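Quick notes on the structure that follows.
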Amino acid sequence: MSLPLGVAAQSGGPDKPADFLDKEFHRQRREALRQQLPANSVAVFFSNPLRNRANDVDFHFHQHPDFYYLTGYREPNAVLLLFSDQFMINGVATQEVFFAQPRNPQAESWTGKRLGEEGVKQQLGLTYALPATSFAGFKLDTAAFDRIFLLDLPHDLRNDPSNPADLHDLVAQFRQKVGLVPGQGFAHQQVYQIISQYDAQAGPRVQEEVKRQMAANPALANNTFLKAYVNAKDAAARAALAAKVPQEKVDTGFLEEKLSEMREVKTPDEMKLLRKAIAMSAIGQVEVMKAMHPNMSETEVQGIHEFVYKKYGAEYEGYPSIVGAGNNGCILHYIENERPKLGNDLVLMDLGAEYHGYTADVTRTIPANGKFTPDQKQIYELVYAAQEAGFKECKVGNEFNAPNAAAQKVMAEGLVKLGIIKNPEEARRYTMHGVSHYLGLDVHDRGTYGAFKPNTVITVEPGIYIPDGSPCDKKWWGIGIRIEDDVLITEKGWENLSSGAPRTVKDIEATMAKPSPLDSFKLPELK
């Protein structure tokens, strides 16, 4: 049976979909980053760790998005080194060395085939690969480099005594190579990065954040530079310090900055996958609209969405699915999804498929019985108007906060008109979050949060949440509404990638009146 949305039969063998990013994409990403490395430097990347679920069962492994972006590798216990200049190893000049989880027939019979170093070279196009077991003895003279770049080090690692090259050991071996004592981290460098990146736009807030982090982390409390920054008397003093952030040999800020710039702007290959993830997520919303009824549970609603994703070939959900009926919809990240009956309440559904690493993020709020009440409709149409205002600000060159500012203004003024608040300054009680974030390999993807660039994908997701007990007329209690769409910003304007999911009151009610293929799907009663 063929499936829509480009879910191919298989390619490159009988066990793989046809449309993964190819090795040339990842090679180009590595080269684009390497070109930005200063002379005589090395960038070091670690894969994500395995995480234990219970006893001898691990969670399904999910690769670090940056590691996947640069390599396409989907296994744990690996290290990538990128060199700014030619590096000689065993008489061979290379600019990249990859340490792969080694082949192990016994382990592979339990957990699946591994690429090994030869597979990494052949299938992923890495020019020089070694088994991870050789990393301990790898001669990396860190003293010879002017700069060593990291994305911090993985932490909270579980050591597998039977594996001398698990991530726990690889990180320990790297610490030894660069002379970092056990437990020493880079918290100060992360704060330095915040200062250098955001002081110009939000100095007072940055100053407060640095104070908070210094109070929470004893390792930062006596840092001379940070003490000077938090005690700076005015913007000029702060800016002078921000221009002189200490530069250390082992640096955790450079790669954050460069990868945020790169991942913010999507390539055509990335957009193919992102469009599929978003399209199947929108279809999931449509199918749930047709299937929903008051006797359904939150869990069942979640299951229908996720069944649609799996039907189209999505590997995972991009984040824990949120299905909140009534007052549960006023909890922004409600993931229990355990209410047994929806009743006649509104149901907020914030879900997204992850397809080959790229995730959607689509929210619709609908009445379980198929019809909005007059009060629900008023709040819904206010959120809708706010989203429309946000869309209009999705233009190249506009500041990242422009959609949020426009949407918040509409919601604040509307809440005053409805008598829910007395003045616009009170609106944040009911509109707690901003309306946009980047979207891609992470649901809250990397980006610079500067002016909009072409081929950037963001969300536009205004919401109003009036939980039980709020200081307003009780008729509004328990109404939580969020409308979220995924928007591509182009040279010509913006495109709503998730427009396949109905947004207006009229279209939602019309869709909910349609029959569902699940209407006749009945399971036997459990005894």
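Taking interchain pairs and intrachain pairs at least six residues apart, which have beta carbon atoms under 7 angstrom, with the first residue in the stretch 121-135 and within 15 Å of PHE174 (Cβ to Cβ) and the second at pLDDT below 95 and open to solvent by 80 Å² or more (accessible area, probe 1.4 Å)?
THR133/PRO164
Being more than 23 Å from HIS437 (Cα to Cα) and not basic (Lys, Arg) narrows it down to one residue among LEU351, LEU342; which is it?
Values: LEU351 fails: more than 23 Å from HIS437 (Cα to Cα).
Of LEU351, LEU342, the one residue that is more than 23 Å from HIS437 (Cα to Cα) and not basic (Lys, Arg) is LEU342.
Give the residue that is farthest from ASN496 (Cα to Cα), with candidates limited to residues of the stretch 260-293 that are open to solvent by less than 40 Å² (accessible area, probe 1.4 Å) and assigned to a loop (DSSP other than H, G, I, E, B).
Among those residues, the one meeting the criterion is MET292.
Looking at the stretch 433-527, what strands (runs of 3 or more DSSP E) fall wholly within it and have at least 1 residues that are aromatic (Phe, Trp, Tyr), touching a helix residue (DSSP H, G or I) at 6+ places or on another chain (Cβ under 8 Å) and open to solvent by 40 Å² or more (accessible area, probe 1.4 Å)? Step through it out loud before you land on a result.
On the way: elements: 456-460, 463-466, 479-482, 485-490, 493-496.
Hits in the stretch 433-527: 493-496.
Right, LEU140: in a loop (DSSP other than H, G, I, E, B) and over 28 Å from the mean Cα position of the chain (by Cα) or not?
On the way: in a loop (DSSP other than H, G, I, E, B): yes; over 28 Å from the mean Cα position of the chain (by Cα): yes.
The answer is yes for LEU140.
Which of the residues that make up the stretch 370-387 are of a type in the set (Ser, Thr, Tyr) and open to solvent by less than 10 Å² (accessible area, probe 1.4 Å)?
Let us first name the residues in the stretch 370-387 that are of a type in the set (Ser, Thr, Tyr), namely 373, 380, 384.
Once the filter is applied, which keeps residues that are of a type in the set (Ser, Thr, Tyr) and open to solvent by less than 10 Å² (accessible area, probe 1.4 Å), the stretch 370-387 yields only TYR380.
Could you please let me know if TYR319 is among the hydroxyl-bearing types (Ser, Thr, Tyr), open to solvent by less than 60 Å² (accessible area, probe 1.4 Å) and without any contact (Cβ under 8 Å) to a residue 24 or more places away in the chain? Don't jump to the end; show me each part of the working.
Details: among the hydroxyl-bearing types (Ser, Thr, Tyr): yes; open to solvent by less than 60 Å² (accessible area, probe 1.4 Å): yes; without any contact (Cβ under 8 Å) to a residue 24 or more places away in the chain: no.
Taking the combined requirement at face value, the residue does not satisfy it.
Quick one: what pairs do we get from the stretch 413-438, first residue of a type in the set (Val, Ile, Thr), second open to solvent by 10 Å² or more (accessible area, probe 1.4 Å) and assigned to a loop (DSSP other than H, G, I, E, B), C-beta under 8 Å, 6+ apart or different chains?
VAL416/LYS422; VAL416/ASN423; ILE420/CYS472; ILE420/ASP473; ILE421/CYS472; VAL435/GLU461
Tell me which residues, restricted to the stretch 26-48, are among the charged types (D, E, K, R) and buried (at least 20 other Cβ atoms within 10 Å of the Cβ). Walk me through it before giving the result.
Applying the first criterion (among the charged types (D, E, K, R)) to the stretch 26-48 yields 27, 29-31, 34.
If the condition is that a residue be among the charged types (D, E, K, R) and buried (at least 20 other Cβ atoms within 10 Å of the Cβ), then ARG29, ARG30 are the ones that fit.
Among (1) assigned to a helix (DSSP H, G or I); (2) open to solvent by 10 Å² or more (accessible area, probe 1.4 Å), which single condition is ALA427 missing?
Going through (1) assigned to a helix (DSSP H, G or I); (2) open to solvent by 10 Å² or more (accessible area, probe 1.4 Å) one by one, ALA427 breaks only (2).
Which of the residues spanning the stretch 355-369 are open to solvent by 10 Å² or more (accessible area, probe 1.4 Å) and in contact with a helix residue (DSSP H, G or I) (Cβ under 8 Å, 6 or more places away or on another chain)? So that I can check it myself, show each step before the final result.
Residues of the stretch 355-369 open to solvent by 10 Å² or more (accessible area, probe 1.4 Å): 357, 369.
Correct list: GLY357 only.
List pairs: first in the stretch 464-493 and within 21 Å of LEU351 (Cβ to Cβ), second open to solvent by 50 Å² or more (accessible area, probe 1.4 Å) and assigned to a strand (DSSP E or B), Cβ under 6 Å, 6+ apart or cross-chain?
VAL487/TRP494; LEU488/GLU495
Give LEU170, LEU153 a once-over and let me know the one that is open to solvent by less than 30 Å² (accessible area, probe 1.4 Å), in a loop (DSSP other than H, G, I, E, B) and either aliphatic (A, V, I, L, M) or in contact with an Asp or Glu (Cβ under 9 Å, 6 or more places away or on another chain) (or both). Outline the logic, then answer.
Working: LEU170 fails: in a loop (DSSP other than H, G, I, E, B).
Going through LEU170, LEU153 in turn, just one is open to solvent by less than 30 Å² (accessible area, probe 1.4 Å), in a loop (DSSP other than H, G, I, E, B) and either aliphatic (A, V, I, L, M) or in contact with an Asp or Glu (Cβ under 9 Å, 6 or more places away or on another chain) (or both): LEU153.
Working only within the stretch 76-116, note down all residues that are in contact with a strand residue (DSSP E or B) (Cβ under 8 Å, 6 or more places away or on another chain), part of a helix (DSSP H, G or I) and open to solvent by 10 Å² or more (accessible area, probe 1.4 Å).
None - no residue of the stretch 76-116 is in contact with a strand residue (DSSP E or B) (Cβ under 8 Å, 6 or more places away or on another chain), part of a helix (DSSP H, G or I) and open to solvent by 10 Å² or more (accessible area, probe 1.4 Å), so the list stays empty.
Just give me the residues in the stretch 225-247 being open to solvent by less than 60 Å² (accessible area, probe 1.4 Å) and over 33 Å from the mean Cα position of the chain (by Cα), in sequence order.
Of everything in the stretch 225-247, those that are open to solvent by less than 60 Å² (accessible area, probe 1.4 Å) and over 33 Å from the mean Cα position of the chain (by Cα) turn out to be ALA228, ALA232, ALA237, ALA240.
Taking the criterion of being in contact (Cβ under 8 Å) with a residue 40 or more places away in the chain, of a type in the set (Ser, Thr, Tyr) and closer than 22 Å to THR511 by Cβ, would at least one residue in the stretch 351-359 satisfy it?
To start, the set of residues in the stretch 351-359 that are in contact (Cβ under 8 Å) with a residue 40 or more places away in the chain comprises 351-359.
Now restrict to residues that are of a type in the set (Ser, Thr, Tyr): 355, 358-359.
Cutting the leftovers down to closer than 22 Å to THR511 by Cβ gives us none.
No, the conditions are met nowhere in the stretch 351-359.
Let me confirm something: among TYR73, TYR69, which residue is open to solvent by less than 10 Å² (accessible area, probe 1.4 Å), assigned to a loop (DSSP other than H, G, I, E, B), closer than 25 Å to SER41 by Cα and in contact (Cβ under 8 Å) with a residue 40 or more places away in the chain?
Values: TYR69 fails: assigned to a loop (DSSP other than H, G, I, E, B).
The match here is TYR73.
Exactly one condition in (1) farther than 17 Å from TYR358 by Cα; (2) modelled with pLDDT under 95; (3) surrounded by fewer than 12 Cβ atoms within 10 Å (Cβ to Cβ); (4) not polar (S, T, N, Q) is false for ALA18; which is it?
Every listed condition holds for ALA18 apart from (1).
Scan the stretch 179-194 and give yes if some residue there is open to solvent by 30 Å² or more (accessible area, probe 1.4 Å), part of a helix (DSSP H, G or I) and touching a residue at least 40 places away in the same chain (Cβ under 8 Å), otherwise no.
Yes - at least one qualifying residue is present in the stretch 179-194.
Among the residues of the stretch 135-149, which ones are of a type outside the set (Asp, Glu) and either touching a helix residue (DSSP H, G or I) at 6+ places or on another chain (Cβ under 7 Å) or open to solvent by 40 Å² or more (accessible area, probe 1.4 Å) (or both)?
Those that are of a type outside the set (Asp, Glu) and either touching a helix residue (DSSP H, G or I) at 6+ places or on another chain (Cβ under 7 Å) or open to solvent by 40 Å² or more (accessible area, probe 1.4 Å) (or both): PHE135, ALA136, GLY137, LYS139, LEU140, THR142, ALA143, ALA144, ILE148, PHE149.
Test ARG51 against the criterion of being at pLDDT below 95, closer than 28 Å to GLU257 by Cβ and open to solvent by 50 Å² or more (accessible area, probe 1.4 Å), and give yes or no. So that I can check it myself, show each step before the final result.
Details: at pLDDT below 95: yes; closer than 28 Å to GLU257 by Cβ: yes; open to solvent by 50 Å² or more (accessible area, probe 1.4 Å): yes.
Here the answer is yes, as ARG51 does meet what is asked.
When GLU509 is evaluated against the numbered criteria (1) farther than 19 Å from LEU342 by Cα; (2) in contact with a Lys or Arg (Cβ under 7 Å, 6 or more places away or on another chain); (3) not aliphatic (A, V, I, L, M), which criterion, by number, is the only one it fails?
(1)
Consider the stretch 197-223. How many of its residues are surrounded by fewer than 17 Cβ atoms within 10 Å (Cβ to Cβ) and closer than 19 Å to THR252 by Cα?
Adding up the residues that qualify gives 4.
Just wondering, is there one or more residues in the stretch 295-302 that are among the hydroxyl-bearing types (Ser, Thr, Tyr) and open to solvent by 50 Å² or more (accessible area, probe 1.4 Å)? It would help to see each step written out before you state the result.
The initial filter retains those residues of the stretch 295-302 that are among the hydroxyl-bearing types (Ser, Thr, Tyr), namely 297, 299.
From what's left, open to solvent by 50 Å² or more (accessible area, probe 1.4 Å): 299.
For the stretch 295-302, residues among the hydroxyl-bearing types (Ser, Thr, Tyr) and open to solvent by 50 Å² or more (accessible area, probe 1.4 Å): present.
The values are calculated or read from the model by the stated rules, or taken from the named source; none is laboratory data. Computed from a predicted structure; not experimentally measured. Glycine also receives a Cβ, built like all others from the backbone with ideal geometry; neighbour counts cover every protein chain displayed. Keep in mind that these areas ignore ligands, DNA and RNA; they rest on the heavy atoms of the full protein, side chains included. Shrake-Rupley method; radii C 1.70, N 1.55, O 1.52, S 1.80 Å.
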